[in-house]
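Worksheet: the structure to be examined is printed underneath.
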Amino acid sequence: MKRAIQVRIFRGEQQYVAECLDLPVVTEASTLDELTTNIQEAISLHLEGENLEDLGFAANPTILATMELPAVA
């Protein structure tokens, strides 16, 4: 069972984008604080009424976010 839902965060053309690697959930926002709220809400809505075990998740999974940054040259 997975204990974490993996999320990739990156800077889009105009906003920050959060994309789940484990679920079909994507959201965007102008700030990282807004993005955090949006991704938590989007994941919660997506999983509402679902049996987490059927999806391969532990009972109380956490969100593990990885942020992409531009390379330093």
State which stretch of the chain is the longest one without any exposed GluC sites (Glu not before Pro), exposure meaning a DSSP loop state and at most 10 other Cβ atoms within 10 Å. 14-47
Looking at the chain, what % of the alpha carbon pairs are farther apart than 17 Å? 43 percent
For the stretch 2-67, give me the percentage of DSSP beta bridges that are antiparallel, rounded to the nearest 5 percent. 55 percent
Taking the dipole of the chain about the Cα centre (Lys, Arg +1; Asp, Glu -1; charges at Cβ), the one of MET1, ALA18, ALA42 that reaches farthest to the positive side is MET1
Please get the size of the charge dipole for the chain, origin at its Cα centre, with Cβ charges of +1 on Lys and Arg and -1 on Asp and Glu, quoted in debye to the nearest 20. 300 debye
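Just so you know, all these numbers are worked out from the coordinates, no wet-lab data involved. None of the values given here were measured: they were computed from a predicted structure. No Cβ is skipped: glycine too gets one built from the backbone with ideal geometry, and neighbour counts run over all protein chains shown.
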